[in-house]
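Student: Submitted below is the structure of interest, expressed as structure tokens.
Since every read-out is calculated from the coordinates, none of them should be taken as a lab result. Please read these numbers as outputs of a predicted model, since none were measured by experiment. Positions of Cβ are generated from backbone atoms using ideal geometry, with glycine treated the same way; all protein chains shown enter the neighbour counts.
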Amino acid sequence: MSKKVRIKPGRTQSMVGFAAGILFCFIGIFVIIPVFGLFGIVWTLMAVIITITNAVNAFTDKGVTSHEIIIDDGEESIESRLRAAEELYNAGMITEAEYEEKRKEILKDL
């Protein structure tokens with residue numbers, strides 16, 4: 001069984017990103033757009049999106065996740081263990097008695 005944990009950047013990291021984003025927005029408005037035209041508009045819009053994302057992470061409790069970690073507790077589900085035992089039996093790798101013994105052992109964990 002596995003568990004997904006979503007992680008957002010720390011508040012300090014997000015505040016630095018927010019401050020840098022504001023700087024890049026001003027650079028975009030006053031330098032990049034006048035010099036590069038359409039590319040400058042796209043560049044500035046990206047800076048605005050990054051700034052807003054960092055602001056949400058820095059100043060709210062919700063935030064935008066940047067990573068997802070899957071934690072595997074190392075235990076297989078009973079269903080997958082039963083299927084594995086059945087596959088071994090069907091492949092002729094274990095006898096019927098061994099299969100039944102393993103099946104009873106697995107079902108004890110319920």
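Student: Looking only at segment 41-89, how many residues end up being surrounded by fewer than 16 Cβ atoms within 10 Å (Cβ to Cβ), small (Gly, Ala, Ser) and more than 30 Å from residue 7 (Cα to Cα)?
Tutor: Qualifying residue count for the region: 1.
Yes/no per residue for (1) part of a helix (DSSP H, G or I); (2) basic (Lys, Arg); (3) within 18 Å of residue 19 (Cβ to Cβ):
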| residue | (1), (2), (3) |
| --- | --- |
| 42 | yes, no, no |
| 47 | yes, no, yes |
| 52 | yes, no, yes |
| 56 | yes, no, yes |
| 64 | no, no, yes |
| 70 | no, no, no |
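Student: Could I ask something else about it? So, in segment 1-12, how many residues would count as being in contact (Cβ under 8 Å) with a residue 12 or more places away in the chain and assigned to a helix (DSSP H, G or I)?
Tutor: Total meeting the criteria: 1.
Student: Exactly one of (1) surrounded by fewer than 11 Cβ atoms within 10 Å (Cβ to Cβ); (2) part of a loop (DSSP other than H, G, I, E, B); (3) under 24 Å from the mean Cα position of the chain (by Cα) is unmet by residue 92. Its number?
Tutor: Failing condition for residue 92: (3).
Student: Which count do you get for residues in segment 57-87 that are of a type in the set (Phe, Trp, Tyr) and farther than 26 Å from residue 12 by Cβ?
Tutor: Count: 0.
Student: Please count how many residues of segment 37-63 are aromatic (Phe, Trp, Tyr) and over 25 Å from the mean Cα position of the chain (by Cα). Explain how you work it out, then say what you get.
Tutor: Keep residues of segment 37-63 that are aromatic (Phe, Trp, Tyr), which gives 39, 43, 59.
Keeping just the survivors that are over 25 Å from the mean Cα position of the chain (by Cα) gives 39, 43.
Total meeting the criteria: 2.
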